1. Hey, among the residues in the stretch 83-99 that are part of a strand (DSSP E or B) and open to solvent by less than 20 Å² (accessible area, probe 1.4 Å), which one's modelled with the highest pLDDT?
2. Quick one: would you say residue 79 is part of a loop (DSSP other than H, G, I, E, B) and at pLDDT 90 or above?
3. Return the only residue of 67, 39 being open to solvent by 100 Å² or more (accessible area, probe 1.4 Å) and at pLDDT 80 or above.
Amino acid sequence: MSKISAHLPSSLAPFSVISQIARRIRIIPLVVLLISTVPAWFLMEALAPQVVRAYTARVDLAIDRLPEENYETVLRRAEAVARAAAQRSFDQDILVTDVSIIVSVQNYGAIAPVLTLDVSRPQWRSRPDAQNWATYFKTARSLLFFENNSNQVPAASAVQVPAASAVSTPK
């Protein structure tokens, strides 16, 4: 014969008082856990704030050579354009920490980068001078055909094509 018994929460003592206390003991930690989450969140935010998302602004600029303009004048104009772009990038977005600017020049169809400006916000704040932070490309002068001082359009090298000989086909 089998004996059916009800499962009691407290198997040590089958008293109803102990069983009621056990239920309350289980509820109290749950209430404490739910109430303590908000202060714990405030404490974590105070100790370890969220990371600021900063980034580098990249700008590519192209300028055209003006008539009667030499390489040094083009270079000064490129520095002025780079300085304005760096200042504008820092002014427009407070999350920008670094600026990377490449200035290219077009001269008679040839395009080449003449300078790159890589600067961080603290560096720019201490000294907002494009010449101080710019890196110049040495080969830009020759790539843009500025090595000769003439203002004429560089002549394209003419390719001599040999005259085609008459070929007769037999009939």
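1. This residue is 99.
2. no
3. Residue meeting the stated conditions: 67.
The values are calculated or read from the model by the stated rules, or taken from the named source; none is laboratory data. Since the model is a prediction, treat every value here as computed from it, not as a measurement. Ligands, DNA and RNA are stripped out before the accessible areas are found, and what is left, the full protein with its side chains, is counted by its heavy atoms. Shrake-Rupley method; radii C 1.70, N 1.55, O 1.52, S 1.80 Å.
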